[in-house]
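Every read-out reported here was derived from the displayed coordinates using simple, explicitly stated rules and does not represent laboratory data. Because the structure is a prediction, the values reported are computed rather than measured. Cβ: placed from backbone, ideal geometry, glycine included. Neighbour counts: every protein chain shown.
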Amino acid sequence: MDYSGRVVLVTGASSGIGRQLALDFAKRGARLVISARRSDLLQGAAVLCRAEGAEVETMAGDLGERAFAESMVARALVRFGRLDVLVNNAGIPKHKHFYDVTADDVDYTMRVNFMAPAYLSIAAIPPMLRQEEGYIVNISSGAGKLPPPRETVYAASKYALTGFSEGLAVDLAGSNIHVGVIHVGPIATEIWDKAESPVAYSGKKFPVSIVSDAVFRCIDQRRHDITVPRRLAPLIYLKTFLPGLFRWGAARWDPIPRSVIDEARKLAVDEARAGT
């Protein structure tokens, strides 16, 4: 695709994958609308993109707020008059054992990781229909196919995003609006510093560039589902065809200490007694 003059909306562009995506689109001549919560880092990303000659509109805000999510497409249309590509990249981690998860954890994780991409897609589809072309790429996770220990809520949000992407691709067949989903494995971003429970994984973390490359393959080759790194794919197949073996392996890889269960049970008992 010739990206010159195309209008691209990227969420979560202040760092990591989103920042790399914004810069790579800028290098290809696209015009950008980028968003993130951290205004200072977002402005830094915008400076890099403008250095590549790109026109950039920045929007600092919380995608967990529906009004902000919906306003991004409107801003793109006001500034540039069209929207060609939507990349739903923004997301939050939730590496926390379910014994400690709160209802607020569930609500906010689902709003940012799933509801915001859904709201943005709903807003983006009408202008793409008017243009008779568009691309929606959702950045999901390996957890959207393989639920890791201590990531029940995060996995649920990414399963939802994966299912949404697959269903949307079916619903939009024939419209010339292409929908793809990228399932991302261990990538070297700051997400690892935000875990609320110990992280068992200590292997290689891959550069953000492999995710950006996958997004462009998804658009240029009209791919619907890409997994990066590729070594993650065999585990997905294992879970699909041998789910029991997957659960056994996950439990052995990152076992739940007996002390954690005992502490949770004690707290449950104490809460019940306090209630009576």
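Values computed for the structure shown
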| quantity | calculated |
| --- | --- |
| Cα-only radius of gyration and Dmax that characterise region 1-121, units Å | 14.9, 50 |
| Helix axis angle, 116-131 relative to the chain longest principal axis, alpha carbon, degrees | 20 |
| Whole-Å distance, taken between Cα centres, linking region 78-92 and region 5-46 | 10 |
| Spin-label model distance (nm) - ALA272 vs ASP2, 7 Å beyond Cα toward Cβ | 7.0 |
| Calculated FRET efficiency for the pair LEU245/THR102, C-beta based, R₀ 25 Å, to 0.05 | 0.20 |
| Region 106-189, Cα convex hull volume normalised per residue, Å³ | 94 |
| Theoretical ellipticity at 222 nm over the chain - DSSP helices of four or more residues, -39500 (n - 2.57) apiece, nearest 500 | -15500 deg cm²/dmol |
| Average Cα contact separation per residue, region 7-241, under 8 Å, 6 or more apart, as relative contact order % | 18 |
| Total charge dipole magnitude, region 33-148, about the Cα centre, Cβ charges on Lys, Arg, Asp, Glu only, Debye to nearest 20 | 60 |
| Among 169-175, 208-214, the order from most to least packed when residues are scored by Cβ within 10 Å on average | 208-214, 169-175 |
| Packing-based order for 48-60, 82-94, 141-153, 117-129, using average beta carbon neighbours within 10 Å, highest first | 82-94, 141-153, 117-129, 48-60 |
| Translational diffusion coefficient (Stokes-Einstein; Kirkwood radius from C-alpha pairs) of region 200-276 at 37 °C, 0.692 mPa s, in µm²/s | 198 |
| Cα principal axis extents for region 54-163, largest first, Å | 48, 25, 24 |
| FRET efficiency for ASP254 and ARG79, using Cβ-Cβ distance with R0 set to 35 Å, rounded to 0.05 | 0.15 |
